[in-house]
Structure formats: C-alpha cells, structure tokens
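*Asks:* A single structure is presented below for examination.
The values are calculated or read from the model by the stated rules, or taken from the named source; none is laboratory data. Just so it is clear, the model here is predicted, and its values are computed rather than measured. A quick note on method: Cβ atoms are made from the backbone with ideal geometry, for glycine too, and the neighbour counts reach across all protein chains shown. All accessible areas refer to the heavy atoms of the entire protein, side chains included, with ligands and DNA or RNA removed. Shrake-Rupley method; radii C 1.70, N 1.55, O 1.52, S 1.80 Å.
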Amino acid sequence: MVEVDARGLSCPEPLMMAMEAVKKNPKEKIKILVSEPHQKMNVEKYAKSQGKKISVRQLGSEFELIVE
Amino acid sequence: MNLTSSKKMLWASGAMLGGIAALLAYFGNPKNMAICVACFIRDTAGAMKFHQAEAVQYFRPEIVGFVAGAFLIALITKEYRSSAGSSPMIRFLLGVLMMIGSLVFLGCPLRMVIRMAAGDLNAYIALIGFVLGVATGSLALKKGFSLGRAYETKKSGGWVLPVILVGLLLLSVTTTLMASSESGPGSMRAPILLSLAGGLLFGAIAQKSRACFAGSVRDILLLKNFDLISVIGGFFVVMLIYNIATGGFHFSFSGQPVAHAQHIWNLLGMYVVGFAAVLAGGCPLRQLVLAGQGSSDSAITFLGMFVGAAVCHNFGLAAAAANAETNAPGGPAAAGKAAVLLCIVILLAIGFGIRKREDRQ
C-alpha cells in the first residue's frame, strides 16, 4: 500500500499530494493521512470524482483515508 | 449544516457573506470598503496607535468577529484544532507583504471584489495582477514549495488570539484608550453591535464554506476545481445588486471612493497579495478564519498584517486615494513603489528559493 503523510501541511498541499499519488499508482491502495477536516473533505471529494472507493477513519484529531 | 456539500450551497454561502457586507455598508461602514479585511486591520492598528494616520483609526469590531466567529463555530462543530510550527516567521513576513500589497492597491482581495461589484475598473486591473500573483504562487507550489508541517499544540494555544481580541474590543468600548477617527474612512462605521454580530456571522460562514479569495483562483489554476470560486461568485452578485439598487454602481476608473488609477501599481500591489496569499495558504480573510479555528501560524500571519499596516502608514508606503476636488491623482509615493518591487523580490526568493517539499510517499 502506498502511504502519503500530509499531516500538518497547508492547503492545497495535502490534495496535491493525494492527486499525485492516485495518478502515479492508479491500481494500488493508497493511505493518506491529513490533519484538518476540510483537507479530509477535499481528498474525499477528489477520490469520489475519480470513481475511487474511499474509507475514512478518525485517529485522535487526525484522519486516515484509504483510497482504492 | 454542510455549506460545502454542493455548488448551490457554496453560492448561497457567498450570497450570505455579500448580504452581511451590504448590510454593514448600508448602516454606516465605508461604502465600497464594507468589510475589507486589510482596511479594517489597518484601522484597528491605528486605533491602537501603532500608526498615526488620523483618517484611518477605529477599533473595528468586524475583525474581532471574523476571528471569534470562526473560533466559536469551530468549537461547536468540533473542527477546532490548536496547531503551530509551520515556519512562523516566514508567515509573519508574508503577512507584512500581503498588507503592503493591499495598501498600495487600497484593499484586500475581498475589497477588490467589492470594488469590482461597484464598477470600479481599477479593481479589474488589480484582478489581473491578483490572478498572475496566484499563478506565480501556484507555480512555486508545483515546483515543491512548502512551509513545512504544523504540529498539534496545547489546546489553549488557539484561544489566545480570540480572547485577546475580545478583551481589546471591550477596552475600546469602555475606555478612551483607543484613537478614533473624526473624519475619513475610519469615522464611517456601522453601530458596534451590528458590526460585531455581522463579523461573527461572517467569520462563522467563512469557516464553514472555506471561503478564500486566493484559494478560489488557485484551485482553478492548479486543480481545475471551481468549488471555492462559487462562494466568491455569490458574494459578487449580491454586492452588485446592492450597488445598483443604492446608486453606488459607477463603471469608471476615476471618481471611485478611496481608490486611485495608477494602473501598474494597482496591478503589482495585488500581484504581491495573490502571490503571498498562495504561499501562506490563504488570503487575509482565510488567515483570520484559520487563526480562529486554532492555527497559531495563521495568528502569526495576522500579526504580520497588523504590523505591516503600521509600517505602511509610518513609512509612507500606503497609496493615497485620488481626490477629484484637488485633482490629485493619488497612488503610491516612491517609497511605496520601491516597497512593492522589494516585496516581489522577497516573494520570488521565498517561493522558489527556500527548501523544497521532501518526498513524503
């Protein structure tokens, strides 16, 4: 599984990193870590727009998103 | 209520923000300044005597409202998260630069849109500069620019700015410590409670809708995403209707309130704001909202803007407004022009010179 750690980064870096990972690894499962709720939402929206399945888990004050 | 769930909701959020701005302008705020973040931080710095420009001194309750509104809604919706540590001094500097650019143009991106909605053609020239600035910042991001990570801090860290601002507002209302303009833009003000309520609501809606003037252009250029621009679209339409309805719409370069027609400096001033805002992760309004929801880094950017406003007036960097009666064309003096050019050099050095984003995958 590809991992992207975008915790603590300013917008739009988390989404840019997620997009890059999805484009580079179209067939792999990708784990993305983000800190802010709006960043979680942006990545969710993007994954859905690409027809990907996405699951979200809250880890303390941060979020783990699995895109596949 | 999820304000980002659809384009319609985002448009509606922008329209509500426009409604608040129009209401405050109607009840006394300067007509086409309405709720300008840069102007109001500048007025607040003046009220606290950090600069001595007598026409622009007033402790604006709206600024307190933006931060406190975002703070309260973030607490209620559990989006409050105290964080810090992402290159704070570079962010401080970016705040100073954003304010210099804003006060050379005479307005932040929010006021640029307000002026566009009043038919001020100078604001359309500034928009070109703003888009070019956002494009340059976006290019820096593409090349790997990053200010690095922020980390979670003590929960109380994010309370400091909202609490201090509320305290200062109370002082401004109950004592004579603060300076207060008797003429000029600083003397034009909506009633305090309305200003505060409007600011609180504005901050809360901006937090929920993620409204950001730089982010909306950046997302189009970088991500082909039109979500955030929908908020600005709604805001523009309401302000346009308000201006037409109240006779405030004049399609011209000259005769615009608190503006000048020095095209190159309007363009370059907003170029600086657009560029700096993308590097800082948001426009002046967004910085206040992020500071409210717990980011000490954005609070530092706010302090940079505050100090920048004082610097602009103490050292003659802010542009003068054109004056039809005296035929004065207005615009920045030599110091202001030199400052804008220096700002661009500094931004290029920050955006393309400092450490690149490491590969985190």
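*Asks:* Give me, ordered by chain and number, the residues 5 or more places off B:Tyr151 or on other chains with an amide H under 5 Å from its own placed amide H.
*Replies:* When sequence neighbours closer than 5 places are left aside, the close amide H contacts are B:Ala84, B:Gly85, B:Ser86.
*Asks:* Between the DSSP loop rule and a limit of at most 14 other Cβ atoms within 10 Å, which trypsin sites (Lys or Arg not before Pro) in chain A are left?
*Replies:* Of the trypsin sites (Lys or Arg not before Pro), the ones in loops of chain A whose Cβ has at most 14 other Cβ atoms within 10 Å are A:Lys27, A:Lys29, A:Lys53.
*Asks:* What list of ³J(HN,Hα) couplings, whole Hz, do you get for region B:240-250 from phi and the Karplus terms 6.51, -1.76, 1.60, once you set θ to phi - 60° and write x for glycine and proline?
*Replies:* In residue order, the calculated couplings are 5, 4, 4, 5, 5, 5, 9, x, x, 8, 9 Hz.
*Asks:* Related question: Starting from the residue with the highest accessible area, list B:Val237, B:Val96, B:Val345 in decreasing order, probe 1.4 Å.
*Replies:* Largest to smallest exposure gives the sequence B:Val345, B:Val237, B:Val96.
*Asks:* A further question follows. Kindly report, to the nearest 10 Å², the accessible surface of B:Ile229 as traced by a 1.4 Å probe over protein heavy atoms only.
*Replies:* 50
*Asks:* Explain nothing, just the number: dipole magnitude of the protein assembly as shown about its Cα centre with +1 on each Lys and Arg Cβ and -1 on each Asp and Glu Cβ, in debye rounded to the nearest 20.
*Replies:* That gives a dipole near 1080 debye.
*Asks:* Considering the dipole of the protein assembly as shown built from charges on the beta carbon (Lys and Arg +1, Asp and Glu -1) around the Cα centre, which of B:Cys312, B:Gln293, B:Val37 is farthest to its positive end?
*Replies:* Result: B:Gln293, furthest along the dipole toward the positive end.
*Asks:* On to the next question. Note down the magnitude of the dipole of chain B about its Cα centre, charges +1 on Lys and Arg C-beta and -1 on Asp and Glu C-beta and zero elsewhere, to the nearest 20 debye.
*Replies:* 980
*Asks:* Taking the Cα centre of chain A as origin, sum charge times position over the Cβ atoms of Lys and Arg (+1) and Asp and Glu (-1), and report the length of that vector in debye to the nearest 20.
*Replies:* That gives a dipole near 340 debye.
*Asks:* Among B:Leu348, A:Leu15, what's the order by accessible area (1.4 angstrom probe), most exposed first?
*Replies:* In descending accessible area the options line up as B:Leu348, A:Leu15.
*Asks:* Quick one: how many Å² of B:Val238 are accessible to a 1.4 Å probe, rounded to 10?
*Replies:* 40
*Asks:* If amide hydrogens are placed 1.01 Å from N in the peptide plane, which non-local residues have theirs closer than 5 Å to the one on A:Val4?
*Replies:* The list, which skips near neighbours in sequence, is A:Lys31, A:Ile32, A:Leu33.
*Asks:* Can you give me the angle between helix A:13-24 and the longest principal axis of chain A, using Cα atoms only, in degrees from 0 to 90, rounded to the nearest 10?
*Replies:* It works out to around 20 degrees.
*Asks:* Counting other C-beta atoms within 10 Å, and keeping those with at most 12, which DSSP coil trypsin sites (Lys or Arg not before Pro) do you find in region B:267-361?
*Replies:* B:Arg355
*Asks:* Let me ask something else. Amide H to amide H under 5 Å from B:Ala320: which residues, 5+ apart in sequence or cross-chain, H placed 1.01 Å off N in plane?
*Replies:* Those qualifying (amide H under 5 Å, at least 5 residues apart or on another chain) are B:Gly331, B:Ala333.
*Asks:* In the full protein assembly as shown, how much of B:Val307 is accessible to a 1.4 Å probe, in Å² to the nearest 10?
*Replies:* Roll a 1.4 Å probe over it and B:Val307 shows about 60 Å².
*Asks:* Name the trypsin sites (Lys or Arg not before Pro) in region B:1-99 that are in a loop by DSSP and that have at most 15 other C-beta atoms within 10 Å, would you?
*Replies:* In loop regions of region B:1-99 (DSSP not H, G, I, E or B), the sparsely surrounded trypsin sites (Lys or Arg not before Pro) are B:Lys49, B:Lys78.
*Asks:* Rounded to the nearest 500, what is the 222 nm mean residue ellipticity of the protein assembly as shown from helices alone, with -39500 (n - 2.57) per DSSP H run of 4+ residues and division by all residues?
*Replies:* Per the formula, -19000 deg cm²/dmol.
*Asks:* Could you compute the longest span of chain B free of chymotrypsin sites (Phe, Trp or Tyr not before Pro) located in DSSP loops and having at most 15 other Cβ atoms within 10 Å, not counting the site residues?
*Replies:* Longest run free of exposed loop sites: B:28-225.
*Asks:* Lone cysteines in chain B, defined as no other cysteine's Cβ under 4.7 Å from theirs: which are they?
*Replies:* B:Cys108, B:Cys212, B:Cys283, B:Cys312, B:Cys343
*Asks:* While we're here: Roughly how big is the B-A contact, given as buried accessible area in Å² (both sides, 1.4 Å probe, nearest 100)?
*Replies:* Approximately 2100 Å² gets buried when B meets A.
*Asks:* Dipole of the protein assembly as shown (Lys/Arg Cβ +1, Asp/Glu Cβ -1, origin at the Cα centre): which of B:Gly148, B:Gly203, B:Ala84 lies farthest to the positive side?
*Replies:* B:Gly148
*Asks:* Next question, about the same structure. Suppose a student asked you for the relative contact order of chain B, using Cα pairs under 8 Å spaced at least 6 residues apart; what percent would you report?
*Replies:* 35
*Asks:* Moving on to the next point. Of the options B:Phe275, B:Leu348, B:Gly336, report the single residue whose Cα projects farthest towards the positive end of the charge dipole of region B:237-361 (beta-carbon charges: Lys, Arg +1; Asp, Glu -1).
*Replies:* After comparing all options, I get B:Leu348.
*Asks:* Shifting gears a bit: Please give the residues from region A:24-63 for which the solvent-accessible area of heavy atoms, probe 1.4 Å, is smaller by at least 40 Å² with all protein chains in place than with the chain isolated.
*Replies:* By number: A:Glu36, A:Pro37, A:His38, A:Met41, A:Lys45, A:Ser61.
*Asks:* Shape call for region B:7-360 from the C-alpha gyration tensor, a ≥ b ≥ c root eigenvalues: rounded (a/c under 1.5), prolate (a/b greater than b/c) or oblate?
*Replies:* Rounded.
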